[in-house]
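Novice: I have a structure I would like to understand better, so I am pasting it below and will then ask my questions one at a time.
Every number here is computed from the coordinates shown, using simple stated rules; none is lab data. All figures in this text were calculated on a predicted structure; none of them were measured in a lab. No Cβ is skipped: glycine too gets one built from the backbone with ideal geometry, and neighbour counts run over all protein chains shown.
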Amino acid sequence: MQLAQRMGQGWEPDVWENLGWHYAVVNGPFKITFDERSQRYEAEYTLEANDGFVFQVFTDADLPEDAFGFAVQEIRTRLVRIEQSLREVGGEQ
């Protein structure tokens, strides 16, 4: 709950047991977990379209806000590259 409150509106806690207790917060396609082994937060963004296409981004940082920010930055970078590729092949007008 503390991590969900720290991240702000829309973040929900997720707790599970798998050879020990683990926790994360989820907001839509974003998930932030704390890795006990590395003592770092890991952000994951997974968007799955109906046709089975999966777009994923993984980042990690010491703070959950940084892990989320790095993921958002990586997504924006990838979108710019995709749009540039489409322009180069004439797929975007």
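Novice: Once the other residues with Cβ under 13 Å from the Cβ of L19 are scored (Lys, Arg +1; Asp, Glu -1), what is the net sum?
Specialist: Charge balance in the 13 Å sphere: -1.
Novice: Oh, and also: Give, in nm to one decimal, the length gained when the segment between N18 and M1 is fully stretched (0.36 nm per residue of separation minus the Cα-Cα distance).
Specialist: Fully extending the segment from N18 to M1 adds 4.2 nm.
Novice: Moving to a separate point now. Helix 64-88 versus the longest principal axis of the chain: what angle, 0 to 90°, nearest 10, using Cα atoms?
Specialist: The angle comes out near 10 degrees.
Novice: Counting only C-alpha contacts under 8 Å and six or more residues apart, can you give the relative contact order of the chain as a whole percent?
Specialist: Normalised by residue count, the contact order of the chain is 15 percent.
Novice: Can you pull the semi-axes for the chain, root of five times each eigenvalue of the Cα gyration tensor, sorted largest first, whole Å?
Specialist: 30, 14, 12
Novice: I need the GluC sites (Glu not before Pro) found in segment 55-91, filtered to DSSP loop residues with at most 16 other beta carbons within 10 Å of theirs.
Specialist: none
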